[in-house]
Amino acid sequence: PREQWLDGGWQADVVSINLGTNDYVFGNPAQAAFAAKYSELIGLARAANPDALIFAVVPLAYSCFGGVDSKWVTMRQGILSAVNNWSQDSKVKLVETGSPSSRWLDCASDYSDYTHPTVDGNEKFALALLQSMTDEVRAAYPGKCG
């Protein structure tokens with residue numbers, strides 16, 4: 001239950017905020033408004049997990065659609081701005097998931113519908129996240145990671 005992680009009980013070592021495509025596709029917020037709300041989301045994660053490493057993950061959709069639809073550029077810039085708002089917190093990190101010119105996944109073959117990764121696409125994504133995040137996790141928690 002929500003109360004369990006908000007009441008000072010168990011706390012995560014690592015929090016990954018990975019906004020889903022469907023969480024963003026149906027709106028078109030201004031960058032400043034989106035950044036402010038995303039920054040609040042980081043704040044909620046920080047309040048619940050004061051010592052956690054927090055990864056703000058740029059959604060995969062940016063790499064497929066950022067070159068053709070400006071809303072995804074706005075979304076990425078909003079996440080960057082939100083992370084920059086937390087620049088005094090060394091445990092808030094940005095995770096880029098590719099770009100329109102250098103994609104982690106092939107938009108045509110690693111998705112079932114250009115939005116939802118296939119099983120193979122999810123495996124590729126998981127491996128890329130592992131490679132992207134592991135050094136930061138090990139540096140933050142050397143006693144817990146081999």
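The values are calculated or read from the model by the stated rules, or taken from the named source; none is laboratory data. In this text the structure is predicted, and so the values were computed from the model without any measurement. Backbone-built Cβ (ideal geometry, glycine too); neighbour counts: all protein chains shown. Side chains included, ligands, DNA and RNA excluded: accessible areas come from the protein's heavy atoms. Shrake-Rupley method; radii C 1.70, N 1.55, O 1.52, S 1.80 Å.
Computed quantities for the displayed model
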| quantity | calculated |
| --- | --- |
| Qualifying residue in the stretch 62-72 (condition: buried (at least 18 other Cβ atoms within 10 Å of the Cβ) and more than 23 Å from residue 24 (Cα to Cα)) | no |
| Any chance residue 95 is under 22 Å from residue 139 (Cα atoms), open to solvent by less than 50 Å² (accessible area, probe 1.4 Å) and without any contact (Cβ under 8 Å) to a residue 40 or more places away in the chain | no |
| Number of positions in the stretch 66-87 that are in a loop (DSSP other than H, G, I, E, B) and either of a type outside the set (Asp, Glu) or on the phi > 0 side of the Ramachandran plot (or both) | 5 |
| Extreme residue, nearest to residue 79 (Cα to Cα), among residues of the stretch 92-146 that are β-branched (Val, Ile, Thr) and either at pLDDT below 95 or outside any strand (DSSP E or B) (or both) | 97 |
| Extreme residue, surrounded by the fewest Cβ atoms within 10 Å (Cβ to Cβ), among residues of the stretch 74-92 that are of a type in the set (Ser, Thr, Tyr) and in contact with a helix residue (DSSP H, G or I) (Cβ under 7 Å, 6 or more places away or on another chain) | 81 |
| Residues of the stretch 25-71 satisfying the condition of being more than 17 Å from the chain's Cα centre (by Cα) and of a type in the set (Asp, Glu) | 51, 69 |
| Qualifying residue in the stretch 2-16 (condition: among the hydroxyl-bearing types (Ser, Thr, Tyr), in a helix (DSSP H, G or I) and open to solvent by 20 Å² or more (accessible area, probe 1.4 Å)) | no |
| Which listed residue, of 58, 83, is touching a Leu at 6+ places or on another chain (Cβ under 6 Å) and either within 16 Å of residue 18 (Cα to Cα) or among the hydroxyl-bearing types (Ser, Thr, Tyr) (or both) | 83 |
